[in-house]
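Read-outs: derived from the displayed coordinates by stated rules, not from any lab. Quick caveat, the model's predicted, so the values are computed rather than measured. When we count neighbours, we look across all protein chains shown, and the Cβ atoms used for this are built from the backbone with ideal geometry, even at glycine.
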Amino acid sequence: MKRAVLICCIIAASFHGFAQHRVAIPQIINYNNNQYKGGLQNWDIAQDSQGIMYFGNNEGLLTFNGRYWNIFPLPNATVVRSVAIDKNNRIFVGGQDELGYFEADTMGRLRYHSMVNLIPEAEHKFADVWNIAVRGNEVFFRTNNKIFHYKDGRITVDEAATEWQFLGMAEGALYAQAMHQGIMRYDGEFWKPLTNHPDLETTVITGIMPYSQDTLLVTTLKNGLYYLTHNTLIRKKTSLDDLFTADRIYCGLPVNADWFVFGTTSAGVLIMDRKNTLVQQYVYGEGLQKNNVRKVFIDRNQNLWLALDDGIDFIAVNSAVKYITDSLLAWCKANNMYLILDLHAAPGGQGNDLNISDRNPDEPSFWESEENSERSSGRKNHFTYRRPCIGVTHYGASYGRRPALDAHPGRNPSTGPRGACTACASRSGRLQLQIDYIRKVSPNVHLLFNNYGCATGGYHEHAASTPYRFVIEIHSHHGICTQ
């Protein structure tokens with residue numbers, strides 16, 4: 001059966017903000033400690049009603065208003081492990097032997113208010129505060145041995161028989177895990193046992209989140225996913241269980257009605273749908289700064305923030321461009337059509353033509369960077385090839401694991417460095433790298449597209465060297481092409 005071919009060129013707009021590095025669609029922005037002027041490690045994330053972001057950092061509370069970063073140390077200069085915000089925009093934080101809240105004064109400046117003085121003096125040594133949960137006018141702080149309960153200006157202490165291992169809210173209810181006692185729910189003024197599944201003896205809960213009307217989804221550090229329904233914990237088996245066991249789930253959240261995001265200790269971030277299908281994975285080398293993700297957070301625009309073992313990353317999972325492209329791929333597949341997406345947004349792409357470039361002009365272009373070349377050629381990109389869609393990636397963080405094709409596009413070398421023979425050699429080498437990689441991973445691909453500008457020769461030799469049908473598109477930015 002014949003198929004129509006739809007050629008779609010998605011051009012990424014140039015966006016050069018401070019401390020930003022766009023590497024993929026959806027947009028991924030990396031922030032390192034030199035940019036936010038704090039410690040390497042980040043532990044927790046929250047957002048207030050004004051949209052300001054807050055991060056628990058090794059050196060204090062980090063704030064980010066979309067343009068400027070600030071850091072606010074605790075009085076005892078300890079790490080901020082946990083952050084939570086109440087309806088009055090008080091930013092509660094937990095440190096080491098320190099807990100309290102930041103609140104804006106009449107001038108809008110954040111001031112810290114320690115709450116340690118509300119704790120009985122005999123309980124002042126409590127080490128790290130790992131979780132904070134806000135329930136109405138009440139705030140709960142979890143340490144390993146105690147849960148501090150703040151209500152009506154007083155703090156009471158719930159001692160652990162052994163150890164408190166988790167604390168979190170889901171659907172308006174407060175849950176905790178106690179060693180050897182299982183899952184407990186706060187009811188009235190007491191912690192009541194809910195379920196003590198044998199698996200909880202060997203693993204720690206890392207998240208509890210809404211799943212369906214009467215069911216919660218539970219993430220564990222070592223054993224993957226569970227359903228919590230009618231006070232019963234049931235194992236949820238998925239095709240990702242081996243990965244969850246090996247790389248461990250450190251945190252998780254719903255992204256939308258169908259997707260869930262999981263941060264792992266060594267495999268980056270995974271997004272899975274309700275059918276247990278891996279929708280996307282983001283890892284080091286394909287956009288993330290680190291694979292060790294300590295916290296995931298969905299902001300009010302439904303985009304994703306990551307607190308990393310080294311740095312902070314932002315992923316625009318709610319990107320309109322990504323949504324349009326996803327929809328277009330699905331529509332083409334349903335209508336038995338091929339789709340070709342132009343690689344204008346390859347890392348460092350469009351070279352020196354900064355009007356349409358997706359790269360930072362202070363960093364190497366596609367043709368000058370081995371790292372960018374490897375990402376676009378596929379060595380750090382996981383193309384898969386199968387019918388009926390020609391799914392061409394904008395480097396791969398968003399489409400690298402999507403269905404792709406009977407054909408593959410090369411990159412347009414016409415907008416690389418001009419006027420030097422070394423540049424021509426570089427273009428030729430990059431193109432050959434792409435061809436070699438496609439041959440290796442997809443020997444059955446029978447059609448190779450390549451987009452050339454008029455300023456670039458040498459395509460005849462590549463056409464002759466490839467066993468594929470070789471389609472050459474002359475792309476003239478600068479007038480009539482005579483080559």
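Counting neighbouring Cβ atoms within 10 Å and putting the fewest first, the residues 197, 124 line up as 124, 197. Rounded if a/c is under 1.5, else prolate if a/b beats b/c, else oblate: with a ≥ b ≥ c from the C-alpha gyration tensor eigenvalues square-rooted, which is the range 23-132? Verdict is prolate for the range 23-132.
What the Cβ-Cβ distance of residue 145 and residue 187 gives, at R0 = 25 Å and to the nearest 0.05, is a FRET efficiency of 0.70. Dipole of the range 18-317 computed with +1 at Lys/Arg Cβ and -1 at Asp/Glu Cβ about the Cα centre; of 63, 136, 176, farthest Cα towards the positive end is 63. Placing a pseudo-label 7 Å from each Cα along the Cα-to-Cβ vector at residue 124 and residue 195 gives an inter-label distance of 4.3 nm. Put in order of Cβ neighbour count within 10 Å, fewest first, the listed residues 92, 314 become 314, 92.
Could you sort out which of 37/295; 222/333; 37/222; 146/275; 125/295; 37/237 sit more than 31 Å apart by Cα distance in this structure? Listed pairs above 31 Å: 222/333; 37/222; 146/275; 37/237. Over the range 140-269, Cα pairs under 8 Å with separation of 6+ residues give a relative contact order of 13 percent. Footprinting exposure proxy ranking of 68, 175, fewest other C-beta atoms within 10 angstrom first, gives 68, 175. Using the Cβ-Cβ distance between residue 34 and residue 213 with R0 = 35 Å, the FRET efficiency computed as 1/(1 + (r/R0)^6) comes to roughly 0.15. Computed packing ranks the peptides 53-62, 290-299 as 53-62, 290-299, most packed first, by mean other Cβ atoms within 10 Å. Look at the dipole of the range 38-119 built from charges on Cβ: of 114, 83, 46, the Cα furthest out on the positive end belongs to 46. Cα gyration tensor of the range 201-267, axes a ≥ b ≥ c as square roots of the eigenvalues: rounded (a/c below 1.5), prolate (a/b > b/c) or oblate? Cα axes put the range 201-267 in the oblate bin. By the gyration tensor of its Cα atoms, with a ≥ b ≥ c the square roots of the eigenvalues, what is the shape of the range 129-170: rounded for a/c under 1.5, prolate for a/b over b/c, or oblate? It is oblate, given that a/c is not under 1.5 and a/b is not larger than b/c. Charging the Cβ of each Asp and Glu at -1 and of each Lys and Arg at +1, and nothing else, the dipole of the range 110-233 about its Cα centre rounds to 260 debye.
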